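These notes are about the structure you will find just below.
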Amino acid sequence: MKKLPKWSYGLILLLAGLGVWRIAHLAKLAMTVETDLFSQGQVELNHGNYRSAIEIFETFLKRDPHHVPALQFKLDAEIRANRWKDAEETADRIMKIEPTPVHKAQLAELYRHNGKVDLANQLLNLPQATPTPTVKK
């Protein structure tokens with residue numbers, strides 16, 4: 001095996017450094033795009049463009065499906081747009097990722113809103129509703 005000239009080692013190090021820089025640059029670019037997308041969704045939500053905000057957050061979530069803040073903003077936009085079934089599904093996704101008491105209460109409230117009182121009570125560990133007997137006069 002032939003030995004490489006001394007200058008070639010410097011060239012190899014330079015090329016390796018450029019490769020590392022390129023990877024870091026692409027990662028930073030991807031983060032910038034995602035941050036811009038997230039911010040754009042928030043702007044649309046704040047301006048009352050709920051359907052547009054939902055679409056933007058859905059695009060963001062394709063890249064990072066477990067990003068709870070994006071899911072929360074999407075949920076907020078769905079509620080404001082009266083998309084109750086979609087809101088329930090989003091709240092359920094959030095609950096599966098972060099089962100906190102706040103997220104549990106959000107999901108239970110959406111269950112109630114969608115007529116699923118028994119599911120809401122079950123989620124909150126409340127006793128099941130029993131029908132009250134009607135008295136005939």
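The values are calculated or read from the model by the stated rules, or taken from the named source; none is laboratory data. Predicted model, so just to flag it, every value in this text is computed and none were measured. Note that we place each Cβ from the backbone using ideal geometry, even for glycine, and neighbour counts take in every protein chain shown.
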Restricting the search to segment 63-80, which residues are among the aliphatic types (A, V, I, L, M) and either in contact with a Leu (Cβ under 9 Å, 6 or more places away or on another chain) or under 17 Å from N49 (Cα atoms) (or both)?
A70, L71, L75, A77, I79
For segment 85-94, how many residues meet the condition of being surrounded by fewer than 19 Cβ atoms within 10 Å (Cβ to Cβ) and closer than 13 Å to L119 by Cβ?
1
Of those in segment 9-63 that are at pLDDT below 70 and of a type in the set (D, E, K, R), the residue surrounded by the most Cβ atoms within 10 Å (Cβ to Cβ) is E34
When you go through (1) within 10 Å of the chain's Cα centre (by Cα); (2) modelled with pLDDT of 95 or more one by one for H67, which number turns out not to apply?
(2)
